Amino acid sequence: MTAEQVRDLLGYKGVEAVEQAVADRRMLAVDDNGTSLFPAFQFEENTLRFAMARILAAVPNTSAWALLQYLVAGDEGLEPRKPIDLLKGSPEDIDLVVRFAGVLEA
């Protein structure tokens with residue numbers, strides 16, 4: 001999704017609010033040749049999944065692309081489940097995603 005699409009989805013007044021959410025590590029955005037793109041899985045209806053801020057806080061030094069790769073491809077310790085699917089699960093599932101994300105910082 002583009003920043004404008006996220007702004008409309010979340011009801012923000014401007015794209016600056018979307019950019020601030022990324023800067024505050026509440027929302028994931030990846031750079032695609034100078035354009036910020038926002039993976040749609042981090043949104044549920046018209047809200048941001050609360051798990052995203054927890055995951056981003058757990059990996060403050062990890063690049064957005066590395067985090068996206070982890071969320072989509074997973075970790076062998078989580079097999080056969082993938083973090084992207086666990087984001088929709090129970091608080092325990094989200095705790096597991098956050099804990100395994102920590103290895104990205106190692």
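Among residues of the range 33-48 that are within 16 Å of Glu4 (Cα to Cα), those with a beta-carbon under 9 Å from a residue that is surrounded by fewer than 10 Cβ atoms within 10 Å (Cβ to Cβ) at least six positions away or on a different chain give the pairs Asn46/Gly11. Only one of the listed residues (Ala51, Ala57) is modelled with pLDDT under 95 and either surrounded by fewer than 18 Cβ atoms within 10 Å (Cβ to Cβ) or charged (D, E, K, R) (or both). That residue is Ala57.
Checking each residue in the range 20-65 for being in contact with a Ser or Thr (Cβ under 8 Å, 6 or more places away or on another chain) and of a type in the set (Val, Ile, Thr) picks out Val22, Val30, Thr35. A search for C-beta distances below 8 Å between a residue of the range 90-101 that is closer than 9 Å to Arg54 by Cβ and any residue that is among the basic types (Lys, Arg), counting only pairs 6+ apart in sequence or on different chains, returns Ile94/Arg54; Val98/Arg54. Taking the criterion of being buried (at least 17 other Cβ atoms within 10 Å of the Cβ), of a type in the set (A, V, I, L, M, F, W, C) and assigned to a helix (DSSP H, G or I), the residues of the range 1-24 that qualify are Ala3, Val6, Leu9, Val18, Ala21, Val22.
Tell me which residues, restricted to the range 36-69, are of a type in the set (Phe, Trp, Tyr) and closer than 22 Å to Ser90 by Cβ. Explain how you work it out, then say what you get.
Initially, the range 36-69 is screened for residues of a type in the set (Phe, Trp, Tyr), giving 38, 41, 43, 50, 65.
Within the range 36-69, Phe41, Phe43, Phe50 meet the criteria.
In the condition set (1) closer than 15 Å to Leu104 by Cα; (2) at pLDDT below 95; (3) within 10 Å of the chain's Cα centre (by Cα), Leu68 is compliant with all but (2).
Does Ala29 satisfy the criteria of being in contact with a Lys or Arg (Cβ under 6 Å, 6 or more places away or on another chain), touching a residue at least 12 places away in the same chain (Cβ under 8 Å) and under 23 Å from Thr2 (Cβ atoms)? So Ala29 does not fit the description; no.
Against the conditions (1) closer than 20 Å to Leu104 by Cα; (2) in contact with a helix residue (DSSP H, G or I) (Cβ under 7 Å, 6 or more places away or on another chain); (3) not hydroxyl-bearing (Ser, Thr, Tyr), Arg49 satisfies every one except (1). Answer yes or no: is there a residue in the range 12-31 that is of a type in the set (Val, Ile, Thr) and over 14 Å from the mean Cα position of the chain (by Cα). Taking every residue of the range 12-31 in turn, at least one turns out to be of a type in the set (Val, Ile, Thr) and over 14 Å from the mean Cα position of the chain (by Cα).
The values are calculated or read from the model by the stated rules, or taken from the named source; none is laboratory data. Note that the coordinates shown come from a computational prediction; the quantities given were computed from them, not determined experimentally. Glycine also receives a Cβ, built like all others from the backbone with ideal geometry; neighbour counts cover every protein chain displayed.
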